[in-house]
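Student: Have a look at the structure that comes next, please.
The values are calculated or read from the model by the stated rules, or taken from the named source; none is laboratory data. Remember, it's a predicted structure, so these values are computed and weren't measured experimentally. Ideal geometry is used to build each Cβ from the backbone, glycine not excepted, and the neighbour counts take in all protein chains shown. The protein model used for the area step is the full one, side chains on, heavy atoms only, and it has no ligands, DNA or RNA in it. Shrake-Rupley method; radii C 1.70, N 1.55, O 1.52, S 1.80 Å.
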Amino acid sequence: MNYSPLILSFKTATISTLIVFIAGVVLARLIGRSSFRGKSIIEAIILLPLVLPPTVVGFGLLYVFGKNGFIGRLLLDWFDFQIVFTWYGVLIAAIVVSFPLMYQSAAAAFQQYDPNIENAAYTMGASKWRVFWTISFPLAWPGLLSGLVLSFARALGEFGATLMIAGYIPNVTDTIPLAIYFAVESGNMEAAKFWVIIIVALGFSAILWLNWWSKKNMMKHVHK
């Protein structure tokens, strides 16, 4: 059995989750708690991949990063590098489809506590950086962790957008969902069944742990 789909999926999900966590927290902090004209439009664009079919997201990525796309053409002309049909395409697809989950969770997390707690720290002379790390981040952490786990699970199970921009190249772009699809296409039901069991177990474990952690965290607050 070739375990490259498992390794590639974990590698992609881990790196993409790290990227979307940082970007999601920053944007949620800057946009989520601000009021300005056009905010609804910006948030709608950020959350759009949640409601679009994955193939549509993949087509958009292919349009942007393909040889004739704006970014794809620049990368090819300036660096002789292309993203389409490479692992970087897999990573970009995972980032785009999982980012809305992280942003949504982070935005909700930063809105769930009283902002007067931060204002009190500001009046005492604390810097924005210190307030964020000592007050905002700890208070928002339960929601941020939920977004982190959900983003990882979403990246792990990404299929449609990945197939559009990265294709199926053994040992290069063959994530678990792609391995399942092409195993079924080739009639290798045993391999497909194996990978289905693996990804279901991973997704179930992530959700089970998240529920357990949430209940444990809630019980701590109840007993305080």
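Student: What residue, among those in the range 171-210 that are touching a Gly at 6+ places or on another chain (Cβ under 7 Å) and under 28 Å from K67 (Cβ atoms), is least open to solvent (accessible area, probe 1.4 Å)?
Tutor: Start the filter on the range 171-210 by keeping residues that are touching a Gly at 6+ places or on another chain (Cβ under 7 Å), which leaves 173, 177, 199, 203.
Now restrict to residues that are under 28 Å from K67 (Cβ atoms): 173, 177.
Working: T173: 0, P177: 16 Å².
It comes out as T173.
Student: Right, something else. Under the condition of being without any contact (Cβ under 8 Å) to a residue 40 or more places away in the chain and part of a helix (DSSP H, G or I), which residue from the range 44-57 is farthest from Q111 (Cα to Cα)?
Tutor: Step one: filter the range 44-57 for residues without any contact (Cβ under 8 Å) to a residue 40 or more places away in the chain, giving 44-45, 51-52, 56.
This time we only want the ones that are part of a helix (DSSP H, G or I), so: 44-45, 51, 56.
Working: A44: 18, I45: 20, V51: 23, V56: 31 Å.
So the residue we want is V56.
Student: So which of L76, L30 ends up being assigned to a helix (DSSP H, G or I), surrounded by 12 or more Cβ atoms within 10 Å (Cβ to Cβ) and not basic (K, R)? Please lay out each step first, then the result.
Tutor: Working: L30 fails: surrounded by 12 or more Cβ atoms within 10 Å (Cβ to Cβ).
Result of the check over L76, L30: L76.
Student: Is the range 102-109 home to any residue that is at pLDDT 90 or above, surrounded by 15 or more Cβ atoms within 10 Å (Cβ to Cβ) and either in contact with a Ser or Thr (Cβ under 7 Å, 6 or more places away or on another chain) or among the basic types (K, R) (or both)? So that I can check it myself, show each step before the final result.
Tutor: Here is the first cut: in the range 102-109, the ones at pLDDT 90 or above are 102-109.
Then keep just the ones that are surrounded by 15 or more Cβ atoms within 10 Å (Cβ to Cβ); that gives 102-109.
Remaining after also requiring either in contact with a Ser or Thr (Cβ under 7 Å, 6 or more places away or on another chain) or among the basic types (K, R) (or both): 102, 105.
Yes, that holds for at least one residue.
Student: Still on this structure, I have one more. Which of the following residues is in a helix (DSSP H, G or I), open to solvent by less than 10 Å² (accessible area, probe 1.4 Å) and closer than 21 Å to S205 by Cβ: G143, G147?
Tutor: Numbers: G143 fails: open to solvent by less than 10 Å² (accessible area, probe 1.4 Å).
Checking each option against the conditions leaves just G147.
Student: Here's a follow-up. Just one of V90, V84, V57 is closer than 19 Å to Y168 by Cα and in contact with a Pro (Cβ under 7 Å, 6 or more places away or on another chain); which is it? Before you say what the answer is, go through the steps one by one.
Tutor: Values: V90 fails: in contact with a Pro (Cβ under 7 Å, 6 or more places away or on another chain); V84 fails: in contact with a Pro (Cβ under 7 Å, 6 or more places away or on another chain).
Checking each option against the conditions leaves just V57.
Student: Shifting gears a bit: Give the residue that is farthest from G147 (Cα to Cα), with candidates limited to residues of the range 1-27 that are part of a helix (DSSP H, G or I) and aromatic (F, W, Y). Working first, answer last.
Tutor: Quick first cut of the range 1-27, residues part of a helix (DSSP H, G or I) only: 4-27.
Checking which are aromatic (F, W, Y) leaves us with 10, 21.
Values: F10: 17, F21: 8 Å.
Applying the filter and picking the extreme gives F10.
Student: OK, next. Is it the case that some residue within the range 115-127 is open to solvent by less than 10 Å² (accessible area, probe 1.4 Å) and either under 30 Å from G60 (Cβ atoms) or not in a helix (DSSP H, G or I) (or both)?
Tutor: no
Student: Which of (1) surrounded by fewer than 22 Cβ atoms within 10 Å (Cβ to Cβ); (2) modelled with pLDDT of 90 or more; (3) part of a helix (DSSP H, G or I) does Y168 not meet, given it meets every other one?
Tutor: In the conditions (1) surrounded by fewer than 22 Cβ atoms within 10 Å (Cβ to Cβ); (2) modelled with pLDDT of 90 or more; (3) part of a helix (DSSP H, G or I), Y168 misses (3) alone.
Student: Same structure, new question: What pairs can you find where one residue is in the range 96-113 and closer than 15 Å to F132 by Cβ, the other is open to solvent by 30 Å² or more (accessible area, probe 1.4 Å) and aromatic (F, W, Y), and their Cβ atoms are less than 8 Å apart, with a gap of 6+ or different chains?
Tutor: Here the result reads A109/W141, each pair linking the range 96-113 to a residue that is open to solvent by 30 Å² or more (accessible area, probe 1.4 Å) and aromatic (F, W, Y).
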